Amino acid sequence: MSNHNADCTTLPRLPGLIRASAHKRRLAALLVATALAPALMPLLPESSARFGIARAYAKENISIDKIELPTKTGSVTLSGISLAGSTLTKAEVEALLKSTTIVGLAQQLEKLDADRIGITAIEWRMKNDNQDMVTVYEGLEANGIKAGSITSLVIKGSRQTAKMKAGDKIQNTETAFGKFSIDALDLAGMFRWIVEADPTGKAPMKTLHGRYEMESMDMKMADANVRVGKTVVDSFKARLAKTPPIDIMTLVEANAAKPEDKTNGLKMLVSMLDIYSTFEFGAGTIDGIRAVGPDKANAGGQVTVNSGKITFNGGATPQVQINDFDIKAQDGFFKMKLAGFQGDLYSLILVGMKEAMTSSAKPGDVNAAKAEADLIKAVADAVGDMKLKDTVFKIEGIDGDFPPGKDAKSKDRVKLSLSSFQAMMGSFVNLTPTKLDYTLNGLKMPIPADSKDQGVKALRDFGIDILDLSAQIKATWDESKSRFMVDDIMADLGKFGRVSLKGELGNIPRPLFENPVQNWPIAMMGGNVQSVTLTLNNKGGVQAMLARVAGEQKKTPEQVRFEVSAMAPAMISAVMSGHPDSPALAEAITKFIKTPGTLSVTARANVPTGITVMDFTAASKNPGVLLQKLKIESSAK
């Protein structure tokens, strides 16, 4: 199930349920079901009971001034409750809000019709050893309630004040939420998803709400502010889990009571994996995020973090993309035009867990072993015949200028820019991609003048004061031919030169990708090399190397060029032991040295079995054994 690149504020948040105790069950369940939870579930106070409901037989207009509900750690107060055209009586509504169970609530909600439900305010107070919190929701209005479904739900706004422990300090926060609305909310369906189950795990997906909007969120702290722009999600779907999500609270309580019992943690993971696969999102957007806080590196300074529009999508094509991201500090900045991810991260995690668990040692404790066995089975069941989707990560338009870190070898400022980077992994066999494409374009960084790193000093010795790098790794496995094609391994150093390596490997079987760690020795012994092509494009690098050697030998570059080009034929002839293609290779290399442009050399197996590990082993003693199985093609331009 692919759902998990989307904004988690659009869910009835499971983490909120997990952190809660059994005392959250009075209003929490109803607020989850009515989608108050999508933005506010982490803020919910604990309560001490669950909901129930009774059937009414006639429509009524109902008005209730106030209902106060004590909780273990505070209270919940509902003010100005009104129902128009309700099929529940006033007494039944009051009983609903004061009942102690949510069992059967979905069935009762399906009997409820009302033209309108309004609540002027809901005030939640919670106080414990770690936090003191007051949350107020204002102007809740639901219209068109029919058989447990709501045509539209609106909350005009909400606010929260909180004091929370942060180490030895107290963190004060004030949070304001703008208007919240949700269309086509299947209230009864939400409750069924929370409290019911389908042991087969094959229940159909059902749309539980349509378009969701949260106008804004503003959080103020002592020294920082955060603003989240308008959030929109077009739909939310879910199916029944194998075990009711509400039951995970029992495991949370058991784990809190006996944290040393590792079986509870494993059981929670089983439940969470099951629940996590039961919902998915449609497309959504967030109209930017802005955060302002202190610059700890510069006293009195300020750091500003901005993000432009964020888009995300669950379902069949999960993806997330962040636009126009930037960080500004007193003495530096970092900008990124775009960052995006597309792929089924949930499936990738599950398959990875399956591979890791099936090869890990089992614990000695009998109960722990049973719990782990259940977890392995749960993961295997969740994976099933799951096929990993192609995964793409990309970034574009990076620009940065900031001071070096404390442990940096150079005291020069870090300046960099990047046109683009994209990493694609696809055609997975188990967890192993058989199609790769990593492309880096236009990474530029000044070379530090005072660096003591030998590699950096060598670049400066060649006259390179700015690193200008592009690179690519591209490869594909052709299962029908058992061939692995290295389409390109390339590095381009701007004005220095470009090197490219291509090749074809034969007899590469599927088991290598199914379990590379276990099967690579067999694949290596059975595999072979069909061809390798090396291409050099000079952009000034040859001249730079000749000039450096000339300086060391106190000669002119032309003298060094003449000497090297004169030595090349003899060296090639000695190495290739009279191979028929050696004259052409020597001629191409000599031409490249004299007039450096492009040199291309291809070594191709002239036997069907290709070049094997045994051939390379034999060549270590007698290179001629290997060379006689190769055809060398070379050219220089």
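The values are calculated or read from the model by the stated rules, or taken from the named source; none is laboratory data. Model, not experiment: these values are computed from the prediction. Note that we place each Cβ from the backbone using ideal geometry, even for glycine, and neighbour counts take in every protein chain shown.
Given the structure, is Lys435 out of contact with any helix residue (DSSP H, G or I) (no Cβ under 9 Å at 6 or more places or on another chain), farther than 30 Å from Lys409 by Cα and in contact (Cβ under 8 Å) with a residue 40 or more places away in the chain?
Yes.
For Thr200, indicate whether it is surrounded by fewer than 18 Cβ atoms within 10 Å (Cβ to Cβ), of a type outside the set (Gly, Ala, Ser) and either modelled with pLDDT of 85 or more or under 30 Å from Asp331 (Cβ atoms) (or both).
When the stated conditions are applied, Thr200 passes them.
From (1) within 45 Å of the chain's Cα centre (by Cα); (2) hydroxyl-bearing (Ser, Thr, Tyr); (3) at positive phi, pick out the condition that doesn't hold for Ser577.
Failing condition for Ser577: (1).
Just to be sure before I move on: is Ile489 free of Cβ contacts under 8 Å to residues at least 60 places away in the same chain, closer than 30 Å to Lys435 by Cβ and part of a helix (DSSP H, G or I) in the structure I sent?
Criteria not met by Ile489.
What is the residue count in region 561-620 for residues that are more than 23 Å from Met490 (Cβ to Cβ), among the hydrophobic types (A, V, I, L, M, F, W, C) and in a helix (DSSP H, G or I)?
18
Say we look at region 400-419 and pick out the residues that are surrounded by 15 or more Cβ atoms within 10 Å (Cβ to Cβ) and aliphatic (A, V, I, L, M); which of these is farthest from Asp331 (Cα to Cα)?
Leu418
Counting only residues that are surrounded by fewer than 16 Cβ atoms within 10 Å (Cβ to Cβ) and among the hydrophobic types (A, V, I, L, M, F, W, C), which one in region 68-96 is farthest from the chain's Cα centre (by Cα)?
Ala91
Can you tell me how many residues within region 622-637 are part of a loop (DSSP other than H, G, I, E, B) and closer than 13 Å to Val575 by Cα?
Within region 622-637, residues that are part of a loop (DSSP other than H, G, I, E, B) and closer than 13 Å to Val575 by Cα number 2.
Within region 148-177, how many residues are exposed (fewer than 13 other Cβ atoms within 10 Å of the Cβ), more than 23 Å from Asp218 (Cβ to Cβ) and of a type in the set (Gly, Ala, Ser)?
1
Checking the structure you have, find out if any residue of region 505-527 is under 19 Å from Gly597 (Cα atoms) and surrounded by fewer than 16 Cβ atoms within 10 Å (Cβ to Cβ).
No, region 505-527 contains no residue that is under 19 Å from Gly597 (Cα atoms) and surrounded by fewer than 16 Cβ atoms within 10 Å (Cβ to Cβ).
Exactly one of these conditions fails for Lys354: (1) in a helix (DSSP H, G or I); (2) modelled with pLDDT of 70 or more. Give me its number.
Lys354 satisfies all of (1) in a helix (DSSP H, G or I); (2) modelled with pLDDT of 70 or more except (2).
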